[in-house]
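Engineer: Can you read through this structure? Questions will come right after.
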Amino acid sequence: MSHYVKATKKTFSKNAQDCLVVPLMRQRETGELCDVVLILNGCRYNAHRAILALWSPYFHSMFTCDMRERNIEEVDLSYSLVLEQDSVFSTVLDYMYTGSLPLSTDTITDVVKISDFLLLDDVRDFCQQFLLDLGNLELSNCLRVKFLAEDHNLPEVATAARSIIEARFHDYLIQHDDILELPWEWLSKLLEDPCVVQHTGYKQLHKMASRWTDHDKVARIPFHSQLTAAINSWVSDYANEASYLGRELRTSLEGRDVLSPRGSDLLNSPVDNFGNINLDNSFHALSEAPVNSDSLVNVKADSENLKASKPDTPTSHPNQESSHCNQVLFTVVCNQGLKFLKLFLYSLDDQLWFHFPVSGERLLKYVPMRQTVCNMLAHEGKLYMYLCSSFPYPTDMLKINILTIDLLTGQPSLFSFRTVDYYKPTYRTTLTNFRTAPPAMVMCSGQLFVVGNKEGTGHLFACNLANNQYACYQIPGSRFISLARCVVRNDRQIFVWYRHRTGPSEEFSIKKSVGFVLFDAKMKIFSSWELTPPEISYDDFAKCYAMCVRDDTVHIYQPGEPAIVLDEVRVKWVTSLRRIPTPGVGYVRDVQAYGYQIAVPAQEGILVLNNWQPYTTSLHEVSEKFPCAMAHIPPPIDNISVASVAELPRFLLRNLHRCTMYDEAYASALHVAMQYSDGDTDDSAGSVLEDADTDNDYEYDEDIYDYDYDMGGYEL
């Protein structure tokens, strides 16, 4: 007792957990003052009507409306709610009292069913966060989660699962055991979707149908003939009515591509019992042999035999000789921090993916520390890969590193280009996280040209392959260039489209603008002809644009928008009347931190690679010539770093191993197991990534990514 301190008013409080939750839970254990008993398959759960009606609209209607359960003490839910684990119902019932709901991969299915049955919207949101934000939607459960989400009102989860199935059905799910567990209703509904089976061959579908029937012959043998007939009907419908979809089905049916004359070699493939072209064509048979690092050496003899062919042979005809070149998409997945590097090739003519014969472990030995592949191009039998420092730190231009691979021998080599001047340089360029605009690099007049910065102004660096030196050419009127795109015309003129600023970083900079110049690679001068840049803002420059030359005219493409064409006569940019189609219905224009978008010019259009969430890679070809985007076989790996298209002799592909299975090595390396204590889930309404301090909502471990914060000085 205090005789000297006096308070005439004070409010005393007690923790709500102690004064409400604990006594109510104790009453449930003893059944005291509980006015309702919920029964589920013989298990009895004491509860309070007021608490149940407060949380669940289902119970609120039951206890307040004129229903039979309003006046009875026991409510049997056994016939209405079917669960895999009845104990999960007790967990959700406890949540109505405590506000704490533990979720795991073992209980998520039953919790979703209960949340939909009892109309618990907040629990449904927790389930969605658990599946999407915490990475629990993956290849192993996407089939089950898709139908679970569709049946129990989780549209966003269903959309995400459907995207994974569309991308990975042909190279993973159709060969996985999970598809054998699907009931007939789910399997038939899955195969009716043309976007799911568009990349799957006719033979693969029938093989899957036989495996599904053999998994439970007693129960499924009545469905086998029905499933086989349905596959024949579905495939015919897709080939005739959905020609804009994937071409694997139509190729296996018709033996040729109905949209273009490419793929005519498949006409000589063997046919099956139905008179259809076999999926495993002759080209695939050539790629079945195992591949080693020296397999490309043997193709030299093939090239010499082609040159020594008799004049009357088909290979010696000029038109036939040109047909021996395939249009190939080169793709690279590179993460120096994870010590991961892998290359894949995609033949646009044959619609096939191939493994690159040189292993990533061998190539990593040539990559300097803290550098990664940031751009690449193929030219005259060699693959050039531009190496820059890892994201997101500035790149030192004092020495330009180019990793080259001889496509004939498979021999890699590292070129380190140094400056030809003798003063102390301070070269810097910016490598941002925009894969839509990688560091610009082109081949012109026998030299590699790279866009960078020298002493705070934009320069064009000409790398001489003969003496390992480079020369700098200042871009007129440019400031610090942060992003750039280049294109070459007639092996002489280089068009450079760039955005530049004044300031040390994107956050602290002024005078942001866009520029466009023309450089003569032979005269080594910039044109005095003033070219106005296209009306694309500084911020929009980072979007998915592709600049290329069509019929000696510079074009700029973006999916879903009209093309922008350079009119050199009137010295202005004009907008095309036709709009470029978008790559598919679910195309995401603004990808999240995980995803990427890459636009690569090809002969007939623009190839758009998209990967907006794990396992959902896609490849589409868009062009003004086609009303809809054409779906190609998706890349067999996640998180492609850079891509480039080039012409490659067909005999170079002969000994490569075809990639028929999804490569989940990189996705597995990126997934980090996260464990949370009970104290970390006080408010589960928000994502665990909301409190991240980084700009892209991800934290980077310097031990994994091996960043170097000490930029230091550079001496010659």
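Engineer: So which residues in the stretch 619-629 are of a type outside the set (Asp, Glu) and surrounded by fewer than 23 Cβ atoms within 10 Å (Cβ to Cβ), if there are any at all?
Structural biologist: Within the stretch 619-629, Ser623, Lys625, Phe626, Pro627, Cys628 qualify.
The rows are residues; the columns are (1) in the same structural domain as Gly99 (by TED's automatic domain parsing); (2) farther than 27 Å from His152 by Cα; (3) surrounded by 10 or more Cβ atoms within 10 Å (Cβ to Cβ).
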residue: Lys9; (1), (2), (3): no, yes, no
residue: Asn15; (1), (2), (3): no, yes, no
residue: Gly31; (1), (2), (3): yes, yes, yes
residue: Val37; (1), (2), (3): yes, no, yes
residue: Gly42; (1), (2), (3): yes, no, no
residue: Ala47; (1), (2), (3): yes, no, yes
residue: Thr64; (1), (2), (3): yes, no, yes
residue: Ser80; (1), (2), (3): yes, no, yes
residue: Glu84; (1), (2), (3): yes, no, yes
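Engineer: OK, next. Looking at the stretch 413-446 only, could you name the residues that are assigned to a strand (DSSP E or B), modelled with pLDDT of 85 or more and surrounded by fewer than 18 Cβ atoms within 10 Å (Cβ to Cβ)?
Structural biologist: Ser413, Leu414, Phe415, Ser416 - these are the residues of the stretch 413-446 that are assigned to a strand (DSSP E or B), modelled with pLDDT of 85 or more and surrounded by fewer than 18 Cβ atoms within 10 Å (Cβ to Cβ).
Engineer: With (1) over 30 Å from Ala631 (Cα atoms); (2) at pLDDT 85 or above; (3) assigned to a loop (DSSP other than H, G, I, E, B) as the list, and Val358 as the residue in question, which single condition is left unmet?
Structural biologist: Here Val358 clears every test but (1).
Engineer: Which of the residues spanning the stretch 506-531 are touching a strand residue (DSSP E or B) at 6+ places or on another chain (Cβ under 9 Å), under 24 Å from Arg435 (Cβ atoms) and modelled with pLDDT under 85?
Structural biologist: Residues satisfying the conditions are Glu506, Ser509.
Engineer: Further question: Just need a number here: residues in the stretch 523-564 that are more than 29 Å from the chain's Cα centre (by Cα) and hydrophobic (A, V, I, L, M, F, W, C).
Structural biologist: Of the residues in that region, 5 qualify.
Engineer: So which of His170, His176 ends up being touching a residue at least 40 places away in the same chain (Cβ under 8 Å) and more than 18 Å from Leu119 (Cα to Cα)?
Structural biologist: Only one candidate passes the filter, namely His170.
Engineer: So, in the stretch 337-348, how many residues would count as being assigned to a loop (DSSP other than H, G, I, E, B) and surrounded by fewer than 21 Cβ atoms within 10 Å (Cβ to Cβ)?
Structural biologist: So the answer is 3.
Engineer: If you scan the stretch 24-44, which residues turn out to be among the β-branched types (Val, Ile, Thr) and out of contact with any strand residue (DSSP E or B) (no Cβ under 6 Å at 6 or more places or on another chain)?
Structural biologist: Within the stretch 24-44, just Thr30 meets the criteria.
Engineer: Something else: Checking the condition under 24 Å from Asp121 (Cα atoms), in a loop (DSSP other than H, G, I, E, B) and of a type in the set (A, V, I, L, M), which residue from Leu83, Leu20, Leu38 passes?
Structural biologist: Sole residue among the options that is under 24 Å from Asp121 (Cα atoms), in a loop (DSSP other than H, G, I, E, B) and of a type in the set (A, V, I, L, M): Leu83.
For every residue, the table says whether it meets (1) among the aromatic types (Phe, Trp, Tyr); (2) on the phi > 0 side of the Ramachandran plot; (3) out of contact with any Ser or Thr (no Cβ under 8 Å at 6 or more places or on another chain).
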residue	(1), (2), (3)
Phe169	yes, no, no
Ile174	no, no, no
Glu181	no, no, yes
Lys189	no, no, yes
Glu192	no, no, yes
Cys195	no, no, yes
Lys203	no, no, no
Met208	no, no, yes
Trp212	yes, no, yes
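Engineer: Tell me the residue from Ala484, Ala563, Ala521 that is of a type in the set (A, V, I, L, M, F, W, C), in the same structural domain as Ala602 (by TED's automatic domain parsing) and surrounded by 17 or more Cβ atoms within 10 Å (Cβ to Cβ), please.
Structural biologist: Ala563
Engineer: Count, please, the residues in the stretch 214-227 that happen to be surrounded by fewer than 14 Cβ atoms within 10 Å (Cβ to Cβ) and out of contact with any Ser or Thr (no Cβ under 7 Å at 6 or more places or on another chain).
Structural biologist: Matching residues across the stretch 214-227 total 8.
Engineer: Here's another thing I want to ask about it. If a residue counts only when it is farther than 29 Å from Thr159 by Cβ, modelled with pLDDT of 85 or more and among the aromatic types (Phe, Trp, Tyr), which strands (runs of 3 or more DSSP E) contained entirely in the stretch 532-631 have at least 2 such residues?
Structural biologist: Output list is empty.
Engineer: Hey, another quick one. If you go through the stretch 177-186 one residue at a time, do you hit one that is within 27 Å of Thr200 (Cα to Cα), surrounded by 18 or more Cβ atoms within 10 Å (Cβ to Cβ) and touching a Cys at 6+ places or on another chain (Cβ under 7 Å)?
Structural biologist: Among the residues of the stretch 177-186, not one is within 27 Å of Thr200 (Cα to Cα), surrounded by 18 or more Cβ atoms within 10 Å (Cβ to Cβ) and touching a Cys at 6+ places or on another chain (Cβ under 7 Å), which makes the answer no.
Engineer: If you scan the stretch 138-176, which residues turn out to be hydroxyl-bearing (Ser, Thr, Tyr), part of a helix (DSSP H, G or I) and buried (at least 18 other Cβ atoms within 10 Å of the Cβ)?
Structural biologist: The answer is Ser163, and nothing else.
Engineer: Could you name every one of the helices (runs of 4 or more DSSP H) located completely within the stretch 180-219 that has at least 1 residues being out of contact with any strand residue (DSSP E or B) (no Cβ under 6 Å at 6 or more places or on another chain) and among the charged types (D, E, K, R)?
Structural biologist: Passing ranges, in order: 184-191, 202-215.
Engineer: Could you list, ordered by first residue, the pairs with Cβ atoms under 7 Å in which the first is in the stretch 208-233 and more than 16 Å from Val197 (Cβ to Cβ) and the second is surrounded by fewer than 12 Cβ atoms within 10 Å (Cβ to Cβ), at least 6 apart or interchain?
Structural biologist: Partner pairs satisfying both residue conditions: Thr213/Ile221.
Engineer: The conditions are (1) in contact (Cβ under 8 Å) with a residue 40 or more places away in the chain; (2) over 25 Å from Leu119 (Cβ atoms); (3) not aromatic (Phe, Trp, Tyr), and Leu24 fails exactly one of them. Which is it?
Structural biologist: (2)
The values are calculated or read from the model by the stated rules, or taken from the named source; none is laboratory data. Worth saying up front: this structure is predicted, and the values here are computed from it rather than measured. Neighbour counts are summed over all protein chains in view; Cβ atoms, including those assigned to glycine, are modelled from backbone coordinates with ideal geometry.
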